[in-house]
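The values are calculated or read from the model by the stated rules, or taken from the named source; none is laboratory data. The shown structure was predicted, so the numbers you read here are calculated from the model rather than taken from an experiment. Because the Cβ atoms are built from the backbone with ideal geometry, glycine has one as well, and the counts that use them run over all protein chains shown. Ligands, DNA and RNA are excluded from the accessible area calculation, which covers all protein heavy atoms including side chains. Shrake-Rupley method; radii C 1.70, N 1.55, O 1.52, S 1.80 Å.
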Amino acid sequence: MDFQLEEPDDMSHTLTVQWTIEPQTAPRPLLACSRCGGHRPFLCSDKTRLNANGCRLDAWLIYRCAVCEDTWNRPIFERRNVANVDPDALAALQGNDPAWIRQVAFDIEGLRQYTDRIEDFADCHVERRVLSGTTDCARLEILLVATGASSLRVDRLLSTELAVSRARLTRFEADGLLTLLPEARKGLQRPIRHGSRIVLDLAAEDDRAEIAERARGAS
Ligand SMILES: [Zn+2]
């Protein structure tokens, strides 16, 4: 038996990339504005307020009405004993740490306690990193790292970033050439999730090198 004729290891034909998805626009709650009236979207100002009253602390993230700029203070915590405040959170609040503020601003689940009506945005920046393999591949694996909640659908993300039509993606899925893990019903039409893995079998596609290059990005 000539081992030279064996198929090379499947791994060598796989390009594995990591995509870090960074949503660009923080969700906007729709709240009744007491100054201009009616429900208005409130925009995150990226500024916080910290108030001390004895050993009790209040912290808010400041939002502004899109129409009249009236403010809404989104509670981060209220009347909290300073001893019970996470030191990292306190340092972040005192230093107006943008990364920490961003995390609060994109916490859409936290916003839901104030309103069910929230404008959510799908625009995002995708940071690409090659984990292994080359664009000369028959198989493409994309690992998703999602830093914040996003309403961006998996098929829209793939279609935009790989320049492959959504109809073609649907066909890939129907033909068993596209797998989304963990599996979910209508997973392609759902919002992206942290830790998802997308596997595309490109062996029969003439433009597989182009698709792989878009997945890998400029390097
Ligand atoms: Zn207003």
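Hey, Ala52 hits all of (1) within 16 Å of the ligand (Cβ to nearest atom); (2) aliphatic (A, V, I, L, M); (3) out of contact with any Ser or Thr (no Cβ under 6 Å at 6 or more places or on another chain) but one; which does it fall short on?
Condition (1) is where Ala52 drops out.
Could you give me the residue pairs with C-beta distances under 7 Å whose first residue belongs to segment 36-60 and is farther than 16 Å from Phe106 by Cβ and touching a residue at least 60 places away in the same chain (Cβ under 8 Å), whose second residue is assigned to a strand (DSSP E or B) and within 16 Å of the ligand (Cβ to nearest atom) wherever it lies, and which are 6+ apart or on separate chains?
Sorted first by the residue in segment 36-60, then by its partner, the pairs are His39/Leu30; His39/Leu31; His39/Ala32.
For segment 74-82, state whether one or more residues are open to solvent by 60 Å² or more (accessible area, probe 1.4 Å) and polar (S, T, N, Q).
no
Report whether or not Gln24 is open to solvent by 70 Å² or more (accessible area, probe 1.4 Å), closer than 30 Å to Arg197 by Cα, more than 13 Å from the ligand (Cβ to nearest atom) and in contact with a strand residue (DSSP E or B) (Cβ under 7 Å, 6 or more places away or on another chain).
Considered against the rule, which asks whether it is open to solvent by 70 Å² or more (accessible area, probe 1.4 Å), closer than 30 Å to Arg197 by Cα, more than 13 Å from the ligand (Cβ to nearest atom) and in contact with a strand residue (DSSP E or B) (Cβ under 7 Å, 6 or more places away or on another chain), Gln24 comes out as yes.
Just to check your reading of the model, which residue among Arg190, Arg216 is touching a residue at least 24 places away in the same chain (Cβ under 8 Å) and either in contact with a Phe, Trp or Tyr (Cβ under 9 Å, 6 or more places away or on another chain) or farther than 20 Å from Ser132 by Cα (or both)?
Arg190
Would you tally the residues in segment 61-71 being under 16 Å from Leu111 (Cα atoms) and near the ligand (Cβ under 8 Å from one of its atoms)?
Matching residues across segment 61-71 total 1.
Among the helices (runs of 4 or more DSSP H) confined wholly to segment 105-219, which include 1 or more residues that are open to solvent by less than 70 Å² (accessible area, probe 1.4 Å), small (Gly, Ala, Ser) and closer than 30 Å to Phe42 by Cα?
Hits in segment 105-219: 108-111.
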